[in-house]
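The values are calculated or read from the model by the stated rules, or taken from the named source; none is laboratory data. Treat the numbers as computed from the prediction; the structure is a model and nothing was measured. Glycine gets a Cβ as well: all are built from the backbone with ideal geometry, and neighbour counts include every protein chain shown.
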Amino acid sequence: MKHSQVFGISCFVILLVLSFSAASQLSAEATDILDDPVIGPLLKIDDAKREQQRATFLRAERSVWSMDNKDLLEAVRELDDYPLVPYLIEKKLRHRMSLDDEDAIREFLNQYGDAPFARSLRREWLEYLIKRNRRSLFIEFYKHTSNAKLQCHFLRYQYEAGVAKETIFEQLPALWNIGESQHEACDPLFGVWMKAGKLTEDLILHRIEKAADGGKHTLIPYLKRLLPEDKQYLADRWLEVRRDPANVRHLIRYKGRLPGIEAQIISYGLSRLIWRDEDLALKTYERAKKRITFSDSQRARIIHRFAVALAIEEHPDAERWLVEASLVEPESETMRWHLAYLLKKADWQSIALLIEKSSPQLTNENQFQYWLARAYEKLGRTQEAKLLYQQLAEERHYYGFLASARLDVPHSLKNEPIKASPSSILTIVNMPSTQRAYELRKLDRFYHARLEWNYTQRNLNDEDSLTAAVVSTAWEWHDQSIFTLSRLGYLNDVDKRFPKAFEDLLVREAQKNDIPPEWAFAIARRESSFMPDAKSSADARGLMQILPSTARYLEDRRFQTRDLYKPDVNARIGNKYLRYLMNKLNNNALLATASYNAGWRKVNEWLPEDSAVPADIWVETIPYRETRNYVKAVLAYQQIYQDKLNQKPPQETVFANFSRMELMAD
């Protein structure tokens, strides 16, 4: 019997039914759910059978390459109802892929559809069919994908099979019009499409703009050749301004043949130049206004970029530009920088006027309401300030906690736990993808576990997704609960959004380094949402997002980078780093928090030298938006965790201390 028949007849009659066990060392949030007399039994089942199945699966997985059909079938029978059986079969199908596997792969993909492991197999099978030039099979097995290579092969094979040209051609502009080089598999199709006269000048110019503005600018010389000779100069202008925005000062190079596009190039160049050379950008814009007619949107872009850049640099003309920006087109970010500029000057009258006279759609945001209250307080309008503070204090956020501290009243956590029914819990738990996600996580295969969990939630309605957050919390999969609740905008289940994850580790390491445990929790929550295998684009890793270079420095020894994914190692080094920053910054946790994100040298540069500044003003005027938002989030999280870990009297809370703090360089 061929092994395709083994897969087709034997492997797919397995019904994947799974029971779950509780994780060890549960957090308080998980324990609460598992102790529920109704919901708990649906999630907490003896794990003895599962441990045996895991061991069997791992043994079979290690030797699946050498198994014949009989051995594989025996392994599948031994695994019984174990959820990861499809992963074993998929691994076997991918090994030494052959055209003889066609029937088995077809049945496997029909059985598992778009499950993550099936998508992976389909992609590899399609790559194999391309190499073997099996076009009809490729068309049969193809499903829409974001993979441009596979898309182009599919369209090309359809074209060669006689599908109407227009059907193919209408799909090509979206594939062609990207800011970088497309996969070479698309070239034959693009050639036919272009020869048929379907490539327009507008499309070429649009792609040049994409390549210049954030794309791969080395593509521009090729695109230039596609333009008529009298318009090729536009590609030159885009390229030179992308390479060096100071080139925008050469206004004589703009010929006026296509004024709208020329104005777009100049507005792009000026918007970049203002961050490099303010005076040159200002002079060039004054000259450009006399020669170029900017559209409303182009002019607004220039003015807003100029206003923010000049405010950050505290340029003498900053306020004039900030005012003009508010008149041209109100924008939250520009208004925020206008506010910051006025805060640095302590111009409370202007702050009140700015917020009072701006669009309510902008000023209803918490930050503007808080600073309006602060302005009223400074101006002696006590009752108006108190009313605004009271409204803010009802909410659980950074400005709400600040308002509570200024009123000297208890803050609000506004905790509203999700209420999930037993039937909805059971529905989520019994989904095969949920079962696979659970098991992959037990095997520390976090990436594939998340793929399966996302697959589970893909077709759930909002109510069932909230139930999924209850399930993931019970399994101590806190990052997924946090992400789900954030995506759905359900922000009032405080216990699930701010779990005491890895409590023993974080409390122990915080105490060892003489820092508040709630601070360690807040950092871990903000950095990774308690994801042990998190890795940032900057190569920071683990719970507290430690850079390998930081770990090596603090450990002062040879260090295995992969160890940063171990929660105990990461918590130890993360808390050690917090203590290091505290030592650098006079034991000031606020400055250390900012330094955790931006570096302590940069934070020292931001401290005022002439006179002390209230801490809330200092935070609001941090030049880096990322660091500014980071500090606000960590402070708010720290307050929440302080409440969860130990109650403090109102005068000793995180925000009570913060509201009294003033900062100044040594």
Residue under question is K290, and the condition is that it be over 29 Å from the mean Cα position of the chain (by Cα), basic (K, R) and over 30 Å from K255 (Cα atoms); does it hold?
no
Can you tell me which residues in the stretch 317-351 are assigned to a loop (DSSP other than H, G, I, E, B) and aliphatic (A, V, I, L, M)?
A346
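Please state which one of A318, A325 is under 17 Å from I274 (Cα atoms), crowded, with 21+ Cβ neighbours inside 10 Å and touching a Ser or Thr at 6+ places or on another chain (Cβ under 6 Å).
Unique residue meeting the criteria: A325.
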Take the residues in the stretch 34-60 that are modelled with pLDDT of 90 or more and among the basic types (K, R); name whichever of them is nearest to A474 (Cα to Cα).
R54
Inside the stretch 423-462, can you point out the residues that are in a loop (DSSP other than H, G, I, E, B) and not basic (K, R)?
N430, M431, L443, D444, N459, L460, N461
Restricting attention to the stretch 627-666, the residues that are closer than 24 Å to V494 by Cα, charged (D, E, K, R) and touching a residue at least 12 places away in the same chain (Cβ under 8 Å) number exactly 3
So which residues in the stretch 528-551 are surrounded by fewer than 14 Cβ atoms within 10 Å (Cβ to Cβ) and over 23 Å from the mean Cα position of the chain (by Cα), if there are any at all?
S549
Is it the case that some residue within the stretch 369-382 is on the phi > 0 side of the Ramachandran plot, at pLDDT 95 or above and over 32 Å from the mean Cα position of the chain (by Cα)?
yes
Which residues, taken from the stretch 130-152, are in a helix (DSSP H, G or I) and charged (D, E, K, R)?
K131, R135, E140, K149
Are any of the residues in the stretch 278-288 in a loop (DSSP other than H, G, I, E, B), outside the structural domain of K357 (by TED's automatic domain parsing), touching an Asp or Glu at 6+ places or on another chain (Cβ under 7 Å) and over 18 Å from I208 (Cα atoms)?
no
Would you please list the contacts, defined by Cβ atoms under 9 Å and residues six or more apart or on different chains, that run from a residue in the stretch 573-595 that is within 17 Å of T621 (Cα to Cα) and touching a residue at least 60 places away in the same chain (Cβ under 8 Å) to a residue that is assigned to a helix (DSSP H, G or I) and charged (D, E, K, R)?
L591/K584
Need the failing condition index for T621 against (1) buried (at least 16 other Cβ atoms within 10 Å of the Cβ); (2) without any contact (Cβ under 8 Å) to a residue 60 or more places away in the chain; (3) more than 23 Å from the chain's Cα centre (by Cα), just the number.
(2)
Please go through the stretch 403-422 and pick out each residue that is touching a Phe, Trp or Tyr at 6+ places or on another chain (Cβ under 6 Å), outside any loop (DSSP other than H, G, I, E, B) and surrounded by 20 or more Cβ atoms within 10 Å (Cβ to Cβ).
A403, A405, R406
For the stretch 358-407, name all the residues that are small (G, A, S) and under 23 Å from P330 (Cβ atoms).
S358, S359, A373, A375
In the stretch 445-501, how many are surrounded by fewer than 20 Cβ atoms within 10 Å (Cβ to Cβ) and among the β-branched types (V, I, T)?
1
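If you go through the stretch 364-381 one residue at a time, how many are closer than 17 Å to V323 by Cβ and surrounded by fewer than 20 Cβ atoms within 10 Å (Cβ to Cβ)?
Total meeting the criteria: 0.
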Condition test on Q391, is it assigned to a helix (DSSP H, G or I) and at pLDDT below 95?
no
If you scan the stretch 352-388, which residues turn out to be outside any helix (DSSP H, G or I) and either of a type in the set (A, V, I, L, M, F, W, C) or over 24 Å from W337 (Cβ atoms) (or both)?
L379, G380, R381
Any idea which residue in the stretch 264-307 is farthest from D236 (Cα to Cα), counting only those that are surrounded by fewer than 20 Cβ atoms within 10 Å (Cβ to Cβ) and of a type in the set (G, A, S)?
A300
Within the stretch 143-168, count every residue that is surrounded by 13 or more Cβ atoms within 10 Å (Cβ to Cβ) and more than 24 Å from R123 (Cα to Cα).
1
The condition of being outside the structural domain of N657 (by TED's automatic domain parsing), among the charged types (D, E, K, R) and touching a residue at least 40 places away in the same chain (Cβ under 8 Å) holds, among R320, R396, only for R396
Looking only at the stretch 220-229, decide whether some residue is closer than 24 Å to V308 by Cα, without any contact (Cβ under 8 Å) to a residue 12 or more places away in the chain, out of contact with any strand residue (DSSP E or B) (no Cβ under 8 Å at 6 or more places or on another chain) and not in a helix (DSSP H, G or I).
no
Of all residues in the stretch 153-181, which are hydrophobic (A, V, I, L, M, F, W, C) and either in a loop (DSSP other than H, G, I, E, B) or under 19 Å from L226 (Cβ atoms) (or both)?
A161, V163, A164, F169, L172, A174, L175, W176, I178
From the residues in the stretch 423-438 that are surrounded by fewer than 17 Cβ atoms within 10 Å (Cβ to Cβ) and among the hydroxyl-bearing types (S, T, Y), which one is farthest from the chain's Cα centre (by Cα)?
S423
For the list (1) at pLDDT below 95; (2) assigned to a helix (DSSP H, G or I); (3) of a type in the set (D, E, K, R), I need the number of the one condition that E314 fails.
(2)
Hey, among A352, A325, which residue is hydrophobic (A, V, I, L, M, F, W, C) and farther than 30 Å from G256 by Cα?
A352
